[in-house]
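In what follows, a structure is listed as structure tokens, so that the remarks can point back to it.
What follows is calculated from the coordinates using simple rules that are stated; it is not laboratory data. Computed from a predicted model, the values in this text were never measured in an experiment. Virtual Cβ from ideal backbone geometry, glycine too; neighbours counted across all protein chains shown.
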Amino acid sequence: MKIYKYLFLLLVSLSIVGCSDLEEEPVGLLAPEGFFQTTDDIQTAVNGAFTAGINEKFWGRKLSIALMLRSDMVDLASSQTRRVEHDELTTLASNGMISEFWPKTYQGIAAANQAIAGAEDVDTDENVKNPITAQAYFARAFYYFHLVRLFGDIPYIDAPITDADAIASISKTSAAEVYNNIISDLQYAKTWLPNTTASRAIPSKGAASSYLALVYLTQGEWQKAFDEAKEVIDNAGTYQYELDSNFQNLFNAEVIDSSKEPIFALDYNNVEADNNAYDQIAPMTGIRGDDRNSGGGWSVAVPTLAVYTTWDAGDYRRAVSMDDEASIKGAVVDYTNFTVSGHEHAKNNPYIAKYTRYPGAFARGNARATSHNYSMIRYAEVLLIAAEAAVELGDNASALNYINQVRARARMGGTTKTGADVPVTVAPSAVPADLAGTVTVEDVLEERRLELAFECKRWYDIARRKMGGAPYNVFSASGLEGEKPNFTPDDYLLPLPEDELERNPNLLPQNDGY
């Protein structure tokens with residue numbers, strides 16, 4: 001969001017840290033005593049909460065790439081141990097990616113807590129103050145929703161910590177209670193947030209309701225999930241939501257600001273204040289040696305060939321989502337010759353294309369520091385939430401309606417680029433055809449897999465539906481990546497960070513299997 005471009009926080013953000021760290025970076029108020037006097041001061045803290053998300057340690061690389069690698073759609077072309085652990089599901093408590101995104105997530109929570117607490121000191125009408133404070137409640141729910149899905153029972157902190165000794169007494173909160181708190185925060189946000197906002201990086205009422213639907217879906221609360229999703233769908237005009245007519249627009253930093261499909265986004269536009277703020281998803285997923293983006297990609301997170309070959313070639317979403325050709329060393333080659341770059345990490349596979357084709361004006365070499373708006377939730381997903389919940393409720397008519405809306409958009413085609421950076425118009429197609437008859441859970445999960453491919457949603461679907469084993473068996477020999485022999489049901493949760501357990505034994509026991 002443009003208003004985040006120059007954010008000068010007069011604060012120290014909280015992470016779960018030990019006493020040695022506290023001496024270097026004392027935990028305290030986000031700002032000097034008496035800082036919160038106006039609603040602008042609340043907004044400053046709120047902005048700080050969201051800024052934690054647009055960081056290389058959170059969505060810019062560490063968390064997003066970990067989520068991709070843990071799924072059944074993205075393989076690893078690098079040998080870095082911390083990435084191998086996620087890809088092969090051999091993750092250790094000392095994993096270097098977890099140790100990066102865990103504290104960054106809690107820093108976002110800390111800023112949200114400061115905004116909520118500081119709002120109590122601001123003497124103004126609640127109709128003016130509460131809509132701003134509601135953004136902080138949304139941010140806190142957003143971060144905790146990631147943490148609870150990843151780790152299960154976690155430390156739940158809902159107020160600023162000003163006493164260094166208090167950090168040592170923090171213990172874990174049950175996942176069930178964390179979910180209850182997330183729901184409470186989202187309900188507050190839904191009550192006070194406006195119907196529309198100036199940017200999709202600012203949460204709205206519809207964003208809170210959409211996340212409530214996803215939280216309920218994750219919990220298996222089918223009726224509540226359906227009701228929340230349907231409320232968003234029924235009020236799409238009020239909230240200004242609709243499916244974008246061109247699927248490519250959702251991954252085009254040059255036009256995404258005008259799209260009505262994103263519901264809540266992390267906006268990387270022109271974040272210059274912090275060298276770690278920029279995202280690196282495009283280079284991490286880009287083709288090694290590609291002539292695009294001043295040096296191509298790093299060939300780290302790469303789909304296996306089966307992801308491409310099992311995706312109907314007539315589905316426009318495949319053309320947008322994957323590159324099967326590129327210009328390397330000045331010559332256009334198809335994916336069977338990508339290793340012509342000569343680099344050890346290059347792979348002869350189609351690559352992820354969603355983040356490399358249109359990175360925007362702010363992109364640096366290799367398409368780092370792009371202008372992308374990363375949709376954390378978009379209208380198509382709300383339709384699929386409603387469809388999945390409808391299946392579970394036995395409402396086949398609604399399931400057909402919602403899933404076929406998503407498939408109909410996929411048939412519309414649109415303007416995109418080839419992997420060789422040549423503009424191309426893809427004509428409307430008959431693929432994917434509308435579903436008929438009885439919609440199954442498997443139908444919806446498969447639609448989510450394709451519609452939301454490489455958007456870091458697949459791992460969460462695998463974990464909530466326990467898809468690693470029977471009957472889905474996504475990590476078996478028949479899976480898209482082949483067998484992941486180290487997989488066990490314990491892998492649905494990550495290990496709590498080793499250094500945190502060493503600092504604070506109250507966080508024990510460690511998650512099962514670690």
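Brief remarks follow.
- Recomputing Cα extents along the principal axes in Å from the coordinates shown identifies the correct label among [x] 61, 49, 46; [y] 70, 55, 39; [z] 76, 58, 57 as [x].
- Proximity of backbone amide H atoms, modeled 1.01 Å from N, is registered between Asp75 and Val302, Thr304 at under 5 Å, excluding neighbours fewer than 5 places apart on the same chain.
- For the chain, share of DSSP beta bridges that run antiparallel, in % to the nearest 5: 90
- Here Lys347 is the anchor, and the lysines within straight C-alpha reach of less than 16 Å, apart from those fewer than 8 places off in the same chain, are Lys329.
- For region 142-246, diffusion coefficient by Stokes-Einstein and Kirkwood Rh (Cα), 10 °C, 1.306 mPa s, µm²/s: 104
- Across the chain, Cα pairs under 8 Å and at least six residues apart give a relative contact order of 18 percent.
- Once the Cβ-Cβ distance of Lys466 and Asp121 is raised to the sixth power relative to R0 = 30 Å, the FRET efficiency obtained is 0.05.
- Relative contact order of region 163-319, pairs being alpha-carbon contacts under 8 Å that are 6 or more residues apart, as %: 14
- For Ile170 and Asn348, the difference between the fully extended length at 0.36 nm per residue and the C-alpha to C-alpha distance is 59.2 nm.
- For region 275-333 and region 166-180, distance of Cα centres in Å: 40
- Checking the cross-link pairs Lys205/Lys260; Lys230/Lys354; Lys129/Lys190; Lys354/Lys417; Lys190/Lys457 against a 19 Å limit on the alpha carbon distance flags Lys230/Lys354; Lys190/Lys457 as lying beyond it.
- Rounded to whole Hz, the Karplus (6.51, -1.76, 1.60) HN-Hα couplings of region 407-423, x for glycine and proline: 5, 5, 5, 4, 7, 6, x, x, 9, 8, 10, 7, x, 8, 6, 9, x
- Computed [θ] at 222 nm, deg cm²/dmol, the chain (DSSP H ≥ 4; -39,500 (n - 2.57); rounded to nearest 500): -12000 deg cm²/dmol
- Vicinal HN-Hα couplings computed from phi for region 71-87 (Karplus, 6.51 cos²θ - 1.76 cosθ + 1.60; Hz; Gly/Pro x): 7, 9, 10, 10, 9, 10, 9, 10, 10, 5, 4, 5, 7, 4, 4, 6, 5
- Among Ser94, Ser99, Ser299, the order by Cβ neighbours within 10 angstrom, fewest to most, reads Ser94, Ser99, Ser299.
- Within the shell defined by Cβ-Cβ distances under 10 Å, the residues around Val332 carry a net charge of -4, with Lys and Arg each +1 and Asp and Glu each -1.
- Relative contact order (%) - region 318-461, alpha-carbon pairs under 8 angstrom, separation at least six: 21
- Estimated FRET transfer efficiency (Thr488, Thr440; beta-carbon r; R0 35 Å; 0.05): 0.85
- Given charges at Cβ of Lys, Arg, Asp, Glu: the chain dipole, positive-most of Leu69, Ala111, Phe454: Phe454
- Long-range amide H partners of Glu325 with built H, under 5 Å: Gly419
- Charge tally for Phe145 (other residues, Cβ to Cβ under 13 Å; Lys, Arg +1; Asp, Glu -1): +3.
- Additional length obtainable on full extension of the chain from Ala433 to Asn401, 0.36 nm per residue less Cα span: 10.2 nm
- Only Lys, Arg (+1) and Asp, Glu (-1) charged, at Cβ; the chain dipole about Cα centre in debye: 1360
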